[in-house]
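Below is one structure, written out as structure tokens; the observations come after it.
The values are calculated or read from the model by the stated rules, or taken from the named source; none is laboratory data. Quick caveat, the model's predicted, so the values are computed rather than measured. So basically every Cβ, Gly included, is an ideal-geometry build from the backbone, and we count neighbours across all protein chains shown. Note: areas computed on protein heavy atoms with side chains; ligands, DNA, RNA excluded. Shrake-Rupley method; radii C 1.70, N 1.55, O 1.52, S 1.80 Å.
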Amino acid sequence: MKNQIEDFYQKSQKKEKLIIGLMSGTSMDGLDIALCSFKGHGSHTEIRLLHFKTGDYSEIFRKQVKSIFSKREVDLEMVCLMNEQVALTHANLINEAIAEWGYQNSQIDFIASHGQTIYHAPKSLHQQEGLPNGTLQIGDGDHIAVNTEIITLSDFRQKHIAAGGEGAPLAVYGDYLIFSKTGEDRIMLNIGGIANFTYLPGDLDATKVFSTDVGPGNTLMDQYVQKHFEGLYYDKDAAIAKRGNVNEGLLKALLANEFFKAEFPKTTGPELFSLAYLELAQQKSNTQSLSYEDVMATLCHCSAYGIIEAIKRALAKLSNPVLYLSGGGMHNPLLLSLLKQELPQITFKTTADLEINPDAKEAVLFALLANETLSGSQTYFGEREGVPSVCMGKISLPK
């Protein structure tokens, strides 16, 4: 153990560290793997994205994860087994990526693993008296470390909860260090399963920075497609939604939840915005007979509305902000056109304009969280509820 700790210390002190960041989102289309070079830390961080790929999941693996994903009642044995299986699958994909990029595993200093979220339960969602915020990501860090022979940091969200946060969103910590710029107010909008954004003030005052979920991004659309269109995992290029018409009654029912009116910061997940949520909205609006295309069109407008209204609330304090997109939802042309139509005063760009691949952004952010923890630094975001100033990530040694 002493040798392992000494190795950890030496690597954490390197002037340049190679860190692999991992992200597996709610769509479960694959594992995002980003190899990053880091110099410095905090406001002096220099980061380069060296390589990026999305490792494919097998159909069997997807079905296994989905069997325990975002459900209040699941097979506990399967949860136990998948904690290991997710890690082993991720380790194999990491090893393949490292070899493909022409590296040896010994050249990589650290891995930063987000894991696979299977349930997110902030108090605002579970509403059980006397119980805390909770979240659960599986994909054991020890298994990744042992099977890659690389020191692994994982389980980042638990420290956030322990320090008074809700476990999400964590983008604020990385967005501020990577993307802040003097003189430009920025909105970093990530449209994943859940849409969230980070506000970055042009005066670089970290106490003004905040990040918040705003509602469903792709999750409802993806779940609906996967249920009703065999072999499809998402609505590519909004091909299905474009063939449909928005149903105002269903849209109103979808947007009736109090989450949309809650103050920032707030967090949610597919535990709320599920097919059951959609089915209840259809019952309330008497729209059970809608075509699949009309439902998809309405779901797309629902996602757009949540994003638009949240950004308009933030805009009350901003002038001429620039919005930078990332996440799978940015590839949905119907969703993007709705955002641009309703937010004409905003300049739309992507994180590619800031030299970070938009599809890699979330994986890069977890690599950055690991770098901050390894450097022993933390940015002070003020004494605010939901944004604790903490370092995150548990450390797993390979031997």
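Structural remarks
- The residues listed here are Ala352, Ala316; of these, the one that is of a type in the set (Gly, Ala, Ser), under 22 Å from Asn218 (Cα atoms) and open to solvent by 10 Å² or more (accessible area, probe 1.4 Å) is Ala352.
- Whenever a residue of the range 51-68 is closer than 30 Å to Leu18 by Cβ, its partners that are of a type in the set (S, T, N, Q), lying with C-beta atoms within less than 7 angstrom and at least six residues away or across chains, give the pairs Phe52/Asn357; Phe61/Thr89; Val65/Gln116.
- Taking every residue in the range 148-169 that is under 13 Å from Leu369 (Cα atoms) and pairing it with any residue that is assigned to a helix (DSSP H, G or I), at least 6 positions away or on another chain, the pairs with Cβ-Cβ distances below 6 Å are Thr152/Gly141; Thr152/Ile144; Thr152/Ala145; Leu153/Ala370; Ser154/Gly141; Phe156/Leu369.
- The set of residues in the range 218-270 that are small (Gly, Ala, Ser), closer than 18 Å to Gln283 by Cα and surrounded by fewer than 18 Cβ atoms within 10 Å (Cβ to Cβ) comprises Gly249, Ala256.
- When each of Leu93, Leu88, Leu81 is tested for being open to solvent by 10 Å² or more (accessible area, probe 1.4 Å), more than 23 Å from Ile19 (Cβ to Cβ) and of a type outside the set (S, T, N, Q), the lone residue that passes is Leu81.
- Single residue of Leu76, Leu49 found to be in contact with a helix residue (DSSP H, G or I) (Cβ under 7 Å, 6 or more places away or on another chain) and of a type in the set (A, V, I, L, M): Leu49
- Enumeration of residues in the range 211-263 that are β-branched (Val, Ile, Thr) and part of a loop (DSSP other than H, G, I, E, B): Val246
- Every residue from the range 364-399 that is open to solvent by 20 Å² or more (accessible area, probe 1.4 Å), closer than 13 Å to Gly165 by Cα and aliphatic (A, V, I, L, M): Val390
- Any hit, the range 3-17, residues being open to solvent by less than 70 Å² (accessible area, probe 1.4 Å), closer than 30 Å to Ser180 by Cα and part of a loop (DSSP other than H, G, I, E, B): no
- Figure legend. Inter-residue proximity from the range 104-128: first residues closer than 29 Å to Ile20 by Cα and of a type in the set (Gly, Ala, Ser), second residues modelled with pLDDT under 95 and surrounded by 15 or more Cβ atoms within 10 Å (Cβ to Cβ), beta-carbon distance below 7 Å, spacing 6+ or different chains. Indicated pairs: Ala121/Glu271.
- Listed by first and then second residue, the pairs linking a residue in the range 342-367 that is without any contact (Cβ under 8 Å) to a residue 12 or more places away in the chain to a residue that is open to solvent by less than 40 Å² (accessible area, probe 1.4 Å), with Cβ atoms under 7 Å apart and 6 or more places separating them unless they lie on different chains, are Ala352/Pro358.
- Scanning the range 140-169 for residues that are open to solvent by 10 Å² or more (accessible area, probe 1.4 Å), in contact with a helix residue (DSSP H, G or I) (Cβ under 7 Å, 6 or more places away or on another chain) and assigned to a loop (DSSP other than H, G, I, E, B) yields Asp140, Glu149, Asp155, Ala168.
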